[in-house]
Structures are given as structure tokens and as C-alpha cells.
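The values are calculated or read from the model by the stated rules, or taken from the named source; none is laboratory data. Note that the structure is predicted; figures quoted are calculated from it, not measured. Neighbour counts are summed over all protein chains in view; Cβ atoms, including those assigned to glycine, are modelled from backbone coordinates with ideal geometry. Calculation scope for accessible area: heavy atoms of the full protein, side chains included, ligands and nucleic acids excluded. Shrake-Rupley method; radii C 1.70, N 1.55, O 1.52, S 1.80 Å.
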Amino acid sequence: MATHLTAAGRSARWRAGAAGAAALGLVLTGCGGAKVGGSEAGSGGSSGKCGTFNLAVNPWVGYEADAAVVAYVAEEELGCTVKKKDLKEEIAWQGFGTGEVDAILENWGHDDLKKKYVEQQKTAVEAGPTGNKGVIGWYVPPWLAKEHPDITDWKNLDKYADKFRTSESGGKGQLLDGDPSYVTNDAALVKNLKLDFKVVYAGSETALIQAFRQAEAKKQWLLGYFYEPQWFLSEVPLAKVELPPYEAGCDADAEKVACDYPVYDLDKIVSKKFAGSGSPAYDLVKNFSWTNEDQNLVAKYIAVDKMSPEAAAEKWVKANPGKVDAWVE
């Protein structure tokens with residue numbers, strides 16, 4: 001998930017990824033096994049017929065909810081053949097140029113990637129906002145904020161640093177992040193705010209959620225990266241730690257960032273070829289817009305109620321015909 005300092009942070013990882021791509025002959029594999037740079041090219045439909053619609057799916061359940069609903073409507077209402085491709089954020093952008101990815105439904109900032117693929121390579125175009133507001137920050141479990149209210153001010157974190165130590169934090173307090181591919185400025189924040197903490201990665205959204213769930217149930221000390229929209233906040237209402245306020249430009253240098261994350265207007269990115277194809281799937285993506293509450297509900301169906309993405313999407317679509325009609329009219 002995340003042109004600001006945040007994007008600069010992501011940019012650093014992107015440059016590392018690009019170097020790796022060159023070493024691998026530009027054949028990259030995403031988290032779910034789908035490839036960009038392999039032999040599966042083509043798609044995008046033409047002049048009113050949908051045909052094949054290649055949809056990137058990034059690794060968090062909120063995005064999975066986006067993809068489930070758009071795919072369901074594309075198949076059921078427009079007759080598309082939808083191919084979902086599980087890909088990390090940065091890797092998905094590479095597929096625009098090869099025709100292997102038609103759309104990314106939830107982009108968190110990424111001015112660096114927009115500059116590369118929209119302005120320079122001209123293989124991608126913006127397709128408007130999703131309607132979702134994205135928030136990234138540091139959080140603690142509710143019990144901890146209740147017993148130590150001052151802990152939600154970053155200036156007080158070092159007072160409790162020893163309580164957050166783990167076997168992986170090297171004698172410092174642990175700041176638990178999720179998937180290493182996610183947008184994060186956390187290492188720079190720890191350094192520039194001179195905090196006695198170390199960033200440790202849980203490895204996935206699921207692992208991060210389970211850590212917070214366990215910390216609340218067992219009253220364990222935990223400081224972690226988290227974000228909205230996110231269904232889990234309705235189960236465990238995590239308390240957000242106040243970081244130095246975000247101001248425009250305060251994150252312009254990834255190495256020097258010392259301010260909170262901005263609020264992101266999440267948006268959609270599509271391949272230029274797809275946008276000009278005449279496919280009704282492009283119009284669907286362009287018109288797709290919903291609220292954080294909508295996304296959280298479908299994500300809960302998938303993550304908590306254990307519904308398949310298709311069943312979750314069907315349930316939401318049938319309950320919200322007015323919203324769906326506005327996307328396909």
C-alpha cells in the first residue's frame with residue numbers, strides 16, 4: 001500500500017526491486033505466483049466487447065475486497081473473463097507495458113511510480129479516486145492506551161521502550177511493521193525522531209493482525225504499523241500514536257522524514273492500452289467508487305466470515321444495486 005516522503009520511501013525499495021529485475025531477466029514473480037514479464041501477454045477487450053480483463057491484486061484484504069467486487073460485476077454484468085494476478089504493488093506497475101496488467105484498483109500515493117510509468121514510459125494512466133481515504137500510522141492495543149494514556153504521544157515512547165523489547169529487536173523497543181512491500185517510512189522515523197526502537201517485520205497483514213489481537217487479549221506490550229481502511233479496527237479499536245504533524249513537503253526526503261504520514265486519497269491506475277480499448281471493463285474501473293465502510297464490510301466477509309471473495313462480492317453487490325448500477329451505466 002503507499003508522493004510525498006512516503007512515496008520516496010517506497011521509491012527506495014522500488015529502485016532495489018528494479019535492480020533485482022534486471023538480474024532476473026525482467027521476469028518477476030508476485031506474491032501469488034503470477035508473473036510480469038512472462039508469456040501471458042494481451043487483454044483489454046475492444047470496441048464494446050470486454051474479453052479478458054487482467055486485474056492486479058495486491059497483498060492486503062482491503063484490496064482483495066476491491067478486486068472481488070469489481071471482478072464479480074465485470075463477469076456477471078459485462079461478460080468479461082477476469083484474470084486476477086496476485087502481485088506486490090511495485091511489480092504490478094511493470095505489467096502495464098506488457099499488457100499483462102490492465103488495472104490496479106488501490107494505489108497509495110506512489111508519485112514515483114506515476115512519474116515513471118505515466119509521465120516517462122507513458123504505459124499507464126490515472127483512472128480516478130476509489131473514494132477511500134487511506135491512513136497509515138503507529139498504533140497500540142486499547143488496553144495499553146487505557147492504562148498508559150500518555151503512550152499515544154510519540155514523545156513518551158522512549159519512556160516505555162524496554163517494555164517493547166523482543167528477541168528480535170536487539171535490545172531496543174520493537175516497532176512491528178507488516179509486509180515489507182508496504183508503504184512505510186518507519187525506519188527513517190525511528191532514526192530521525194531519535195527513538196530507542198527498531199523496526200521488525202511481521203511479514204504479512206495476517207501476522208500483524210494476529211499480533212495485535214493477541215496483544216489485546218493477553219495484555220502484551222505492542223507498538224505496530226497499521227492503517228485504514230481496515231476491517232480489524234471494528235474488532236479491536238487500536239489507539240493511534242500521535243507523531244509530529246504532517247505538513248506538505250515534510251516527507252520530500254525519504255532519509256530525513258520526521259513527520260506523520262499524509263492522508264491518502266486512494267486512486268486507480270490502468271494501462272494506457274486498456275484505457276483506449278473501448279472495453280466496458282475500463283468504464284467499470286473508472287466509475288468504481290465506494291467508501292471505507294463498504295470496503296471494510298466486504299473485507300470482513302472474506303477475513304472473518306471466511307466467505308470466498310466471489311461469495312462476499314455477490315452478497316455486497318446484491319445489497320447495493322444502486323451503487324453498482326452507477327458503475328455500469
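Residue by residue through segment 220-237, note down the ones that are under 17 Å from residue 147 (Cβ atoms) and open to solvent by 20 Å² or more (accessible area, probe 1.4 Å).
Listed by number, the residues that qualify are 220, 221, 237.
Of all the residues that make up segment 308-329, how many are over 19 Å from residue 285 (Cα atoms) and in a loop (DSSP other than H, G, I, E, B)?
Residues that pass the stated criteria total 1.
Would you pick out the residues in segment 144-184 that are buried (at least 17 other Cβ atoms within 10 Å of the Cβ) and modelled with pLDDT under 95?
Passing the criteria: 178, 179, 181, 182, 183, 184.
Within segment 188-213, which residues are assigned to a helix (DSSP H, G or I) and among the β-branched types (Val, Ile, Thr)?
Residues satisfying the conditions are 190, 206, 209.
Residue by residue through segment 101-155, note down the ones that are on the phi > 0 side of the Ramachandran plot and over 17 Å from the mean Cα position of the chain (by Cα).
Selection gives 122 alone.
Yes/no per residue for (1) polar (S, T, N, Q); (2) in contact with a Lys or Arg (Cβ under 7 Å, 6 or more places away or on another chain); (3) under 23 Å from residue 93 (Cβ atoms):
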{"residue": "220", "(1), (2), (3)": "yes, no, no"}
{"residue": "227", "(1), (2), (3)": "no, no, yes"}
{"residue": "249", "(1), (2), (3)": "no, no, no"}
{"residue": "259", "(1), (2), (3)": "no, no, no"}
{"residue": "263", "(1), (2), (3)": "no, yes, yes"}
{"residue": "277", "(1), (2), (3)": "yes, no, yes"}
{"residue": "284", "(1), (2), (3)": "no, no, yes"}
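Give the residue that is modelled with the lowest pLDDT, with candidates limited to residues of segment 244-258 that are in contact with a Leu (Cβ under 7 Å, 6 or more places away or on another chain) and open to solvent by less than 60 Å² (accessible area, probe 1.4 Å).
Among those that are in contact with a Leu (Cβ under 7 Å, 6 or more places away or on another chain) and open to solvent by less than 60 Å² (accessible area, probe 1.4 Å), it is 254.
Can you spot a residue in segment 291-311 that is aliphatic (A, V, I, L, M), open to solvent by less than 20 Å² (accessible area, probe 1.4 Å) and touching a strand residue (DSSP E or B) at 6+ places or on another chain (Cβ under 8 Å)?
No, the conditions are met nowhere in segment 291-311.
Are there any pairs with C-beta distances below 8 angstrom linking a residue in segment 315-329 that is within 12 Å of residue 77 (Cβ to Cβ) to a residue that is open to solvent by less than 60 Å² (accessible area, probe 1.4 Å) and hydroxyl-bearing (Ser, Thr, Tyr), with the two at least 6 apart or on different chains, and if so which?
Sorted first by the residue in segment 315-329, then by its partner, the pairs are 317/72; 327/289.
Which residues, taken from segment 260-280, are within 25 Å of residue 176 (Cα to Cα) and either crowded, with 20+ Cβ neighbours inside 10 Å or of a type in the set (Phe, Trp, Tyr) (or both)?
260, 261, 262, 264, 266
Out of 101, 135, 118, report the one residue that is of a type in the set (Val, Ile, Thr) and open to solvent by less than 30 Å² (accessible area, probe 1.4 Å).
On the way: 135 fails: open to solvent by less than 30 Å² (accessible area, probe 1.4 Å); 118 fails: open to solvent by less than 30 Å² (accessible area, probe 1.4 Å).
Selected residue: 101, the only one of 101, 135, 118 that is of a type in the set (Val, Ile, Thr) and open to solvent by less than 30 Å² (accessible area, probe 1.4 Å).
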